[in-house]
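Student: Sending over a structure as structure tokens; questions will come in a sec.
The values are calculated or read from the model by the stated rules, or taken from the named source; none is laboratory data. What you see is a predicted model, and the numbers here were worked out from it, not measured in a lab. Cβ atoms come from the backbone with ideal geometry, glycine included; neighbour counts cover every protein chain shown. Just so you know, the surface numbers come from the protein's heavy atoms only, side chains and all, with ligands and any DNA or RNA stripped out. Shrake-Rupley method; radii C 1.70, N 1.55, O 1.52, S 1.80 Å.
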Amino acid sequence: MLMSEKWIDEMDESRRTGSFFIFITGGIMSSLGKGIASASIGTLLQARGYAVRMKKLDPYINVDPGTMSPYKHGEVFVMGDGCEADLDFGHYERFTGLQCTANDSLTTGKIYEKVLAQERRGDYLGSDIQVIPHITNEIKRFIMDGHELVDFTICEIGGTVGDIEGLPYIEAIRQLRIDLGVFRIACIHLTYLPYLKTSEELKTKPTQHSVKLLQSMGVQPDIILCRSEKDINDDIKTKLSMFCNVKKENIVAALDVENIYLVPHKYHLAGLDRQVCDHFGLLDQKLEKLVEENIKEKWVNIEHAICTPSKTVRIAVVGKYTKLKDAYISLSQAINHGAIANEARVEIYFVDAKKSSQNLEDELCNVSGILVPGGFDSSGVEGKITAIKFARENKIPFLGICLGLQLAVIEACRNVAGVKDATSREFSDEGEIVIDFMNSWESDGLAEFRLPSDNKGGTMRLGSYRCKISGDSLAYKIYGATEITERHRHRFEVNIKKYRELFEIAGLKFSGMSMDGLLPEIVERRFHPFFIATQAHPEFQSHPFAPHPLFTSFIKAAINYSTIPLFQCAPQC
Ligand code: GLN
């Protein structure tokens, strides 16, 4: 069967099993909060009783963001199945409680990889492969995949309308409106209304242009989200409605807020979920009261918890991507969840690990907890080790994550056991390599193998792994379980096979081990009020409504260490 005939068959099938599709595009510029808008739509539709699925289509040519620098692209989010994905998936999971999978994340690189493999196999024999229909068909197939299992498939299109890489995605949406019928699709466009201080007004022209660009590609937005620092008045709505060909009620304000967890309720108050349901003919006035209650139970309550803390605690994150907030987004969120669980407000103090030892120690004097996050390569490593030593010696609560665990092991070997050249294979081939490259490990009974010469993309120990926790440990007190599952993303491991005795002399206790008992997963110190590090990334599993126990306990320990009077800190709401 020709590929085009196969596609027609799939379309017919989908018409019979009708569910709805929402596309979120962005205009004018990046960083307007498209991911948070998408996640908010997801959670608001859930509050209305609908099952949703969140997908993201990223037009860049990388197969996934795994090889990109956090400075270029922000954090790389890791899903349970090991997919390295855009940080927006973190928002989706945290807002909706869903577990996303590799089947929810698409990039141009992934599509071309698939299409080219099909071409080599001979699937397109006789035809020339073109962006339309071959690439657009693959995009449509990805969008449609699994739609029958949910009521709404919510697809965020990465980048900004007008980007050259994004054109096939907009084209796929245009075609889907015809394939599926306009009534099954809503296009939501997020734009920006700049506020001109001199004339004291919000300007609509950039939005008009951005919508025109979208229309010129055959896509008419149904709803416009207007991000702005000032409220949009009726005149602006009327003007945008007229020039953008969108119903006035569907011009929705997206005001700046201080905390992302205030966004879903703000969107609800601005009428977003009501207008989405109205668009699909799903609005049922009788249910509105119940919807209000559902939203209140979740989002208004969390707003209250965030805005009325009883104490403040300052945590230092000693890392190297300290200048870009997005580089540690899941981590910052998890720290905040831990604070909310302790009725506290947290001030995260990002400390650049590349500073001199003395400057670092001076900065760490004012904090109640020190966290060394994940990271790659040797830059800033000595500063992180200084911070760990400072936490160990001064009994300041310490949490190490992934590279943070590896460096806690190196620090103890160097400064407690006196092995000055202890290091990791990642930084050097000389010295005592206490953190080394492992060729194989077990994943749920199956062996996985790696070689140092393997490709860099997608070859780390990735995704969820189970871990055994020993009963008599801080880890057990924190997790309250002897078996846990955490997400991983790293290439190197603690070499316990060779250095078990040295680690004992260094005072390290491995309280969490991989299921086969070979790889250390959690390390802690006795005779310290709170010193724990994990080889995994617990931040990816922390949710505002289910804070991760490691973060909750870390913040609690930091509060016990000392807190700062509330009035000394900037208000957050
Ligand atoms: N660079 C270290 C490794 O690959 C740690 C990675 C991380 O912190 N995610 O093992």
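Student: Assess whether ASP234 counts as being touching a residue at least 24 places away in the same chain (Cβ under 8 Å) and acidic (Asp, Glu).
Tutor: So ASP234 does not fit the description; no.
Student: Which residue is nearest to MET144 (Cα to Cα), if the candidates are limited to the range 160-212 and must be small (Gly, Ala, Ser) and in a loop (DSSP other than H, G, I, E, B)?
Tutor: GLY181
Student: Here is a follow-up. Looking at GLY480, GLY418, which one is modelled with pLDDT of 95 or more, more than 29 Å from the chain's Cα centre (by Cα) and surrounded by fewer than 13 Cβ atoms within 10 Å (Cβ to Cβ)?
Tutor: GLY418
Student: Looking at the range 392-427 only, could you name the residues that are in a strand (DSSP E or B) and either over 20 Å from PHE527 (Cα atoms) or more than 12 Å from the ligand (Cβ to nearest atom) (or both)?
Tutor: PHE398, LEU399, ILE401, ALA422, THR423, SER424
So that you can scan it fast, the table gives a plain yes or no per residue for (1) within 15 Å of the ligand (Cβ to nearest atom); (2) buried (at least 16 other Cβ atoms within 10 Å of the Cβ); (3) part of a strand (DSSP E or B):
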| site | (1), (2), (3) |
| --- | --- |
| CYS467 | no, yes, yes |
| GLY471 | no, no, no |
| LYS497 | no, no, no |
| GLU501 | no, no, no |
| GLY512 | no, yes, yes |
| LEU518 | no, no, no |
| ILE555 | no, yes, no |
| ASN560 | no, no, no |
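Student: Mind checking which residues of the range 139-167 are within 13 Å of VAL115 (Cα to Cα) and either in contact with a Ser or Thr (Cβ under 6 Å, 6 or more places away or on another chain) or surrounded by 22 or more Cβ atoms within 10 Å (Cβ to Cβ) (or both)?
Tutor: ILE139
Student: Where residues in the range 483-494 are within 14 Å of the ligand (Cβ to nearest atom) and open to solvent by 20 Å² or more (accessible area, probe 1.4 Å), which of them is nearest to ALA85 (Cα to Cα)?
Tutor: For the range 483-494, the residue satisfying everything is ARG489.
Student: Could you give me the residue pairs with C-beta distances under 7 Å whose first residue belongs to the range 380-405 and is closer than 16 Å to SER356 by Cβ and of a type in the set (D, E, K, R), whose second residue is open to solvent by less than 10 Å² (accessible area, probe 1.4 Å) and within 16 Å of the ligand (Cβ to nearest atom) wherever it lies, and which are 6+ apart or on separate chains?
Tutor: LYS384/VAL318; LYS384/ALA353; LYS384/VAL372; LYS384/LEU407; LYS389/GLU411
Student: Could you tell me which residue of the range 291-310 is farthest from LEU225 (Cα to Cα), considering only residues that are assigned to a helix (DSSP H, G or I), open to solvent by 20 Å² or more (accessible area, probe 1.4 Å) and in contact (Cβ under 8 Å) with a residue 24 or more places away in the chain?
Tutor: Among those residues, the one meeting the criterion is ALA305.
Student: Of all residues in the range 520-532, how many are in a loop (DSSP other than H, G, I, E, B) and either open to solvent by less than 30 Å² (accessible area, probe 1.4 Å) or within 14 Å of GLY400 (Cα to Cα) (or both)?
Tutor: 2
Student: What are the residues in the range 92-138 that are modelled with pLDDT of 95 or more, among the aromatic types (Phe, Trp, Tyr) and open to solvent by less than 50 Å² (accessible area, probe 1.4 Å), if any?
Tutor: TYR92, PHE95
Student: For the range 361-391: of the residues being aliphatic (A, V, I, L, M) and crowded, with 24+ Cβ neighbours inside 10 Å, which is farthest from the ligand (Cβ to nearest atom)?
Tutor: It comes out as VAL367.
Student: Looking at (1) closer than 27 Å to ALA51 by Cβ; (2) under 30 Å from the mean Cα position of the chain (by Cα); (3) touching a residue at least 60 places away in the same chain (Cβ under 8 Å), which is the only condition ASP145 fails?
Tutor: Going through (1) closer than 27 Å to ALA51 by Cβ; (2) under 30 Å from the mean Cα position of the chain (by Cα); (3) touching a residue at least 60 places away in the same chain (Cβ under 8 Å) one by one, ASP145 breaks only (3).
Student: If we keep just the residues of the range 443-465 that are open to solvent by 80 Å² or more (accessible area, probe 1.4 Å) and assigned to a strand (DSSP E or B), which is farthest from the ligand (Cβ to nearest atom)?
Tutor: The residue in question is LEU446.
Student: Considering (1) within 16 Å of the ligand (Cβ to nearest atom); (2) under 28 Å from ALA85 (Cβ atoms); (3) hydrophobic (A, V, I, L, M, F, W, C), say which one PHE545 fails and leave the rest.
Tutor: PHE545 satisfies all of (1) within 16 Å of the ligand (Cβ to nearest atom); (2) under 28 Å from ALA85 (Cβ atoms); (3) hydrophobic (A, V, I, L, M, F, W, C) except (1).
Student: Which of the residues that make up the range 194-239 are open to solvent by 80 Å² or more (accessible area, probe 1.4 Å) and touching a Gly at 6+ places or on another chain (Cβ under 9 Å)?
Tutor: Answer for the range 194-239, where residues must be open to solvent by 80 Å² or more (accessible area, probe 1.4 Å) and touching a Gly at 6+ places or on another chain (Cβ under 9 Å): just HIS209.
Student: Just a yes or no: is a residue in the range 240-255 in a loop (DSSP other than H, G, I, E, B), touching a Pro at 6+ places or on another chain (Cβ under 9 Å) and either without any contact (Cβ under 8 Å) to a residue 60 or more places away in the chain or crowded, with 21+ Cβ neighbours inside 10 Å (or both)?
Tutor: Within the range 240-255, one or more residues are in a loop (DSSP other than H, G, I, E, B), touching a Pro at 6+ places or on another chain (Cβ under 9 Å) and either without any contact (Cβ under 8 Å) to a residue 60 or more places away in the chain or crowded, with 21+ Cβ neighbours inside 10 Å (or both).
Student: Can you tell me which residue among ASN359, ASN342 is within 22 Å of PHE540 (Cβ to Cβ) and of a type outside the set (Phe, Trp, Tyr)?
Tutor: ASN342
Student: Which residues, taken from the range 199-249, are among the basic types (Lys, Arg) and under 23 Å from VAL263 (Cα atoms)?
Tutor: Scanning the range 199-249 gives LYS203, ARG227, LYS230, LYS237, LYS247, LYS248.
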